[in-house]
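Take a look at the structure below.
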Amino acid sequence: MIIRLLAAVAGGLAMWLANEPVGWWVFAFIGLALLWLAVRGRGVAAGFGLAWVWGFAFFLPLFHWATEASGTILAQIALAAVEAVYIGVLGSVWALIARFDRMENLRPTARTTIQILLAVFTWLAMEQLRSAWPFGGMPWGTLGFALVDSPLVRFAPYGSTVLVGGLGVVIALLLAMTIRMTFLGATLAVVSVLGLVILPVIVPIGANAPATMNIAVVQGNIPEDGAKNRALTVTQNHAEATRTLLAESTITPDLIVWPESSSDRDVRRDGQAGEIVFGLVDEFGIPLVMGTQEYVDGGRYNDVLVIEPQVGVTDRYSKQHPVPFGEYVPYRDFFRNFTPAVDLVGTDMLAGEEPANVFVQIGQSAVNLAVPICFEVAYNEIVAQSVNNGAQLIVVPTNNASFKETGLSAQQFAMSRFRAIEHQRTVIQVSTSGITGVINSHGQIAYETKLFTQDARVIQVGLHEDTTIATRTAEVRVVVIYILGAASAMVAGVVAFSSRDRGRS
């Protein structure tokens, strides 16, 4: 049992190493293989416990940023412990799937194939459920994002994180099962793994852009903690960086983009903030897309505004998926019994109801932008919906200042890179303090900033029209995965318990 426990811990840590900021994607296969080996041959309860340990060892370091943002390690521990429950349930199911080894009436190849398919479908259903429930879910740590640097990411336009992650599970389980195979079977398994890893390099990704535009991308940076008028200073930083860029650039941009919370004061109501922003837009005659807050009775909205010269605000998107315990606190009175940290979120953020699209008038044309805010880039359906609605470019406004030097910014940038390949769109991630960067539809990084620096530049980006299979099938894919996952779990349960009954007779 000690060996299995150590395998679970090592597997979880290996999966963490596969994710940013380390990014050793090969370790994802090692981590999953160790999870299978840890639970294989164990009962349902032991499978849950070992898999929960695997999940906790993975999520605890992955969510290091939760301590920085909340000021208490309890947030990091609680988040890791809850997310590990999903892995624990999966471990129970995988322990049942492993009992197919007892089905001597099936050929070894058939048993292996069935086990891998059932394990893949249950893994994907677990990830999907974890990304949706409770409180809208937490997709951080999705396997597909860890594989963004691997050849498997070339399948993203055909099946998003589902196809990329599913193939990752196949590779991991083939490796894990070689220890019980004959020499010929193990050889075939290794050859299959090598084929799955190498052959994707011939799969084309990206698309030619029928049109381009020049965009000024501005990371204004933030003042030091405790600075006077901190919120207004952030806005001033972005305005000053923009002015400097426009004065020095030989290219006049068609559009300026600022990050989420580039003005925590509502520029529509606050005179000082409004004067800075609207004055800048009118002075240079260039539209601006920027993030601000709107405070209303009962809460606040996290908005992306389109501001056009001499016109003002012409479009708006309100974040539809606020982060629980980060931007709003569900059941505040209950959770206050455990920690006063819940009151660090003084005003709960309300959810918007419209898709993440805004329109900007550029000359005679209206450009459709997808603008998923911050964590929303992690949600398959939010980004796919906005691209299906005609978005030609994806802009991800984010404010990572609260997460300081942790790995969150790099993890988020990996997700933006994945979305660029998946939807064959240029993606601009623009942050107050980093990481800001531009990724083309081939997944190539045009530029990337460092953390806590001021950076602004004009860059030419492509505008795309065509949609990928992954984009078009986003909604139906959710239903299919839940059906396949539930069916796989039921088959595993029925076969496992029927084989137990036969063993007793």
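The values are calculated or read from the model by the stated rules, or taken from the named source; none is laboratory data. Given the structure is predicted, the values throughout are model-derived calculations rather than measurements. Methodologically, a virtual Cβ is constructed for each residue, glycine included, from the backbone with ideal geometry; neighbour enumeration extends over all protein chains shown. Keep in mind that these areas ignore ligands, DNA and RNA; they rest on the heavy atoms of the full protein, side chains included. Shrake-Rupley method; radii C 1.70, N 1.55, O 1.52, S 1.80 Å.
Only one of PHE145, PHE121 is assigned to a helix (DSSP H, G or I), at pLDDT 95 or above and open to solvent by 30 Å² or more (accessible area, probe 1.4 Å). Can you tell me which?
Step by step, each of PHE145, PHE121 is checked, and only PHE121 is assigned to a helix (DSSP H, G or I), at pLDDT 95 or above and open to solvent by 30 Å² or more (accessible area, probe 1.4 Å).
Which residue is most open to solvent (accessible area, probe 1.4 Å), if the candidates are limited to the stretch 181-218 and must be under 15 Å from ILE439 (Cα atoms) and either modelled with pLDDT of 95 or more or charged (D, E, K, R) (or both)? Write out each step before concluding.
Filtering the stretch 181-218 for residues under 15 Å from ILE439 (Cα atoms) gives 205-209, 212-217.
Next, only the ones that are either modelled with pLDDT of 95 or more or charged (D, E, K, R) (or both) stay: 212-217.
On the way: THR212: 80, MET213: 9, ASN214: 34, ILE215: 0, ALA216: 0, VAL217: 0 Å².
Per the stated criteria, the residue is THR212.
Kindly evaluate PRO340 against the criterion of being out of contact with any Leu (no Cβ under 9 Å at 6 or more places or on another chain) and at pLDDT below 90.
Values: out of contact with any Leu (no Cβ under 9 Å at 6 or more places or on another chain): yes; at pLDDT below 90: yes.
So PRO340 passes the test.
Which condition number in (1) open to solvent by less than 10 Å² (accessible area, probe 1.4 Å); (2) out of contact with any strand residue (DSSP E or B) (no Cβ under 7 Å at 6 or more places or on another chain); (3) aliphatic (A, V, I, L, M); (4) assigned to a loop (DSSP other than H, G, I, E, B) is the one that ALA351 fails?
All conditions are met except number (1).
If you check THR182, THR178, which single one turns out to be more than 15 Å from the chain's Cα centre (by Cα), of a type in the set (Val, Ile, Thr) and farther than 20 Å from TRP94 by Cβ?
Details: THR178 fails: farther than 20 Å from TRP94 by Cβ.
Result of the check over THR182, THR178: THR182.
Sort out which residues of the stretch 148-169 are open to solvent by 10 Å² or more (accessible area, probe 1.4 Å) and over 22 Å from ILE30 (Cβ atoms), and write them in order of number.
Listed by number, the list holds a single entry, TYR158.
Which ones in the stretch 294-348 are assigned to a loop (DSSP other than H, G, I, E, B) and hydroxyl-bearing (Ser, Thr, Tyr)? Write out each step before concluding.
Step one: of the stretch 294-348, the residues assigned to a loop (DSSP other than H, G, I, E, B) are 297-298, 309-311, 319-323, 325-327, 329-331, 336-339, 345-348.
Correct list: TYR331, THR339, THR347.
When you scan the stretch 70-88, do you find a residue that is of a type in the set (A, V, I, L, M, F, W, C), under 30 Å from PHE183 (Cβ atoms) and open to solvent by 50 Å² or more (accessible area, probe 1.4 Å), even just one? So that I can check it myself, show each step before the final result.
Initially, the stretch 70-88 is screened for residues of a type in the set (A, V, I, L, M, F, W, C), giving 73-75, 77-82, 84-85, 87.
Narrowing further to those that are under 30 Å from PHE183 (Cβ atoms): none.
Checked against the condition, which is being of a type in the set (A, V, I, L, M, F, W, C), under 30 Å from PHE183 (Cβ atoms) and open to solvent by 50 Å² or more (accessible area, probe 1.4 Å), the stretch 70-88 yields no hits at all.
In this structure, does ASN221 turn out to be polar (S, T, N, Q), loosely packed, with under 15 Cβ neighbours inside 10 Å and touching a Ser or Thr at 6+ places or on another chain (Cβ under 9 Å)?
Judged against the criteria, ASN221 is not a match.
Condition check ((1) open to solvent by 30 Å² or more (accessible area, probe 1.4 Å); (2) touching a Gly at 6+ places or on another chain (Cβ under 7 Å); (3) in a helix (DSSP H, G or I)) across all residues:
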| residue | (1), (2), (3) |
| --- | --- |
| MET15 | no, yes, yes |
| GLY31 | no, yes, yes |
| LEU50 | no, yes, yes |
| TRP54 | no, yes, yes |
| PRO61 | yes, no, yes |
| ALA66 | no, no, yes |
| ALA95 | no, yes, yes |
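When both residues are 6+ apart or on different chains and their Cβ atoms are under 6 Å apart, which pairs have a first residue that lies in the stretch 190-211 and is over 20 Å from GLY166 (Cβ atoms), and a second that is outside any helix (DSSP H, G or I) and of a type in the set (Gly, Ala, Ser)?
Partner pairs satisfying both residue conditions: GLY206/SER441; ALA207/SER441; ALA209/GLY462.
If the requirement is being part of a strand (DSSP E or B) and either closer than 25 Å to ILE459 by Cβ or aromatic (Phe, Trp, Tyr) (or both), which of these qualifies: ILE256, ILE276?
Values: ILE276 fails: part of a strand (DSSP E or B).
On inspection, the qualifying residue turns out to be ILE256.
Kindly evaluate GLU83 against the criterion of being under 23 Å from GLY137 (Cβ atoms) and not in a helix (DSSP H, G or I). So that I can check it myself, show each step before the final result.
Numbers: under 23 Å from GLY137 (Cβ atoms): yes; not in a helix (DSSP H, G or I): no.
No.
Tell me yes or no: at least one residue of the stretch 61-84 is at pLDDT 95 or above and more than 23 Å from PHE135 (Cα to Cα).
no
Can you tell me which residue within the stretch 97-118, out of those that are of a type in the set (S, T, N, Q) and in contact (Cβ under 8 Å) with a residue 24 or more places away in the chain, is surrounded by the fewest Cβ atoms within 10 Å (Cβ to Cβ)?
Within the stretch 97-118, the subset of a type in the set (S, T, N, Q) is 105, 109, 112-113, 115.
Next, only the ones that are in contact (Cβ under 8 Å) with a residue 24 or more places away in the chain stay: 109, 112, 115.
Numbers: THR109: 11, THR112: 21, GLN115: 22.
Step by step, filter the stretch 97-118, then rank; the result is THR109.
A quick yes/no check of all residues on (1) in contact (Cβ under 8 Å) with a residue 60 or more places away in the chain; (2) of a type outside the set (D, E, K, R):
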residue: PRO397; (1), (2): yes, yes
residue: THR406; (1), (2): yes, yes
residue: ILE421; (1), (2): yes, yes
residue: THR432; (1), (2): yes, yes
residue: ILE435; (1), (2): no, yes
residue: LYS450; (1), (2): no, no
residue: GLN460; (1), (2): yes, yes
residue: THR467; (1), (2): yes, yes
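If I go through the stretch 372-421 residue by residue, how many of them are of a type in the set (Val, Ile, Thr), farther than 18 Å from VAL304 by Cβ and in a helix (DSSP H, G or I)?
Looking only at the stretch 372-421, we keep the residues that are of a type in the set (Val, Ile, Thr), and these are 373, 377, 382-383, 387, 394-396, 398, 406, 421.
When the remaining residues are screened for being farther than 18 Å from VAL304 by Cβ, the result is 406, 421.
Cutting the leftovers down to in a helix (DSSP H, G or I) gives us 421.
Qualifying residue count for the region: 1.
Return yes when VAL281 is out of contact with any Pro (no Cβ under 7 Å at 6 or more places or on another chain), on the phi < 0 side of the Ramachandran plot and open to solvent by less than 40 Å² (accessible area, probe 1.4 Å) and no when it is not. Let's see the steps before the verdict.
Details: out of contact with any Pro (no Cβ under 7 Å at 6 or more places or on another chain): no; on the phi < 0 side of the Ramachandran plot: yes; open to solvent by less than 40 Å² (accessible area, probe 1.4 Å): yes.
Judged against the criteria, VAL281 is not a match.
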